[in-house]
1. Which residue is farthest from the other protein chains (Cβ to nearest Cβ), if the candidates are limited to the range B:8-67 and must be of a type in the set (Lys, Arg) and within 16 Å of B:Ala78 (Cα to Cα)?
2. What are the residue pairs meeting all of these: first residue in the range B:52-79, first residue within 20 Å of B:Ser25 (Cα to Cα), second residue among the acidic types (Asp, Glu), Cβ atoms under 6 Å, and 6 or more apart or on different chains?
3. Considering only residues of the range B:79-107 that are small (Gly, Ala, Ser) and either assigned to a strand (DSSP E or B) or crowded, with 20+ Cβ neighbours inside 10 Å (or both), which is modelled with the highest pLDDT?
4. Would you check if A:Arg72 is within 13 Å of chain B (Cβ to nearest Cβ) and either of a type in the set (D, E, K, R) or in contact with a Lys or Arg (Cβ under 7 Å, 6 or more places away or on another chain) (or both)?
5. Kindly indicate whether B:Thr110 is surrounded by fewer than 19 Cβ atoms within 10 Å (Cβ to Cβ), at negative phi and either among the aliphatic types (A, V, I, L, M) or without any contact (Cβ under 8 Å) to a residue 60 or more places away in the chain (or both).
Amino acid sequence: NAGVTQTPKFQVLKTGQSMTLQCAQDMNHNSMYWYRQDPGMGLRLIYYSASEGTTDKGEVPNGYNVSRLNKREFSLRLESAAPSQTSVYFCASRLSGLAKNIQYFGAGTRLSVL
Amino acid sequence: DAKTTQPPSMDCAEGRAANLPCNHSTISGNEYVYWYRQIHSQGPQYIIHGLKNNETNEMASLIITEDRKSSTLILPHATLRDTAVYYCIVRNAGGTSYGKLTFGQGTILTVHP
C-alpha cells in the first residue's frame, strides 16, 4: 500500500517550458488536491477534485491546469512555467465521509523554474 | 472556517511531554479541530482530530476545553523525530467545500536531546 505517490521528486525547468506533475493514490479516495508550499509559508490550495470527472479552482489556480484522469490519478500541468512557480508541490487525497477531513499527502515535487 | 492562533515556536526536551496550544475562539458548533504536522522536507501528516471530547490515538492526545475555544495537542514522550511544524486546523464536517484545509503558519516544535 503506497498511499499517495508523486512524480517526479525534483525538476528544473526553464522559463516558458511546460511540464506535468503526476499524482496517484491507491486508497480508493474520492477527493484529491494539489497544494504548493513556498519557503517559510503554509500550504496553499491550487486545485482540487471532489470526485472523478470534476475539478475546481482553489486559492491560487492561475498558471495551472489539472486533469482527473480516473479515480486514482490527478495531474497538475504548468503550460508555460514562470520563476514565480518555483515551489514544492504536494498532492493529497481525502477519506470521505462525515468528519473525515483527513488528507493523506505525497512526498512532494520540488520544482525550480530558472 | 474558524481562525486559529498558535505560538510560532516551542521547545521540548526529549522524553518529556510536548503540549502545543491552539486558540480557536470563533469555532462554531459543527466544526472539528484537526492537527497535522510537517517534518522537514516531507508532506504533512494527519495526527488527530476531535469535536468536543478528548481524543487519544497512538500518536498523541487532544484536549479540547469545555467551551471549545481552545485545544492542546499532547505528545506524551517527545522524541527527536517529533521535531516538526504542527498545524491546528478548524474545519466543518461537511458542507460544499469538499474538505479543503487551510494551513496557517503553525508551531515549530523543536525537541532537544
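The values are calculated or read from the model by the stated rules, or taken from the named source; none is laboratory data. Note that this is a predicted model, so its numbers are computed, not measured. When we count neighbours, we look across all protein chains shown, and the Cβ atoms used for this are built from the backbone with ideal geometry, even at glycine.
1. Here the residue is B:Arg16.
2. Hits for this filter: B:Leu62/B:Glu55.
3. So the residue we want is B:Ala84.
4. Details: within 13 Å of chain B (Cβ to nearest Cβ): no; either of a type in the set (D, E, K, R) or in contact with a Lys or Arg (Cβ under 7 Å, 6 or more places away or on another chain) (or both): yes.
Taking the combined requirement at face value, the residue does not satisfy it.
5. no
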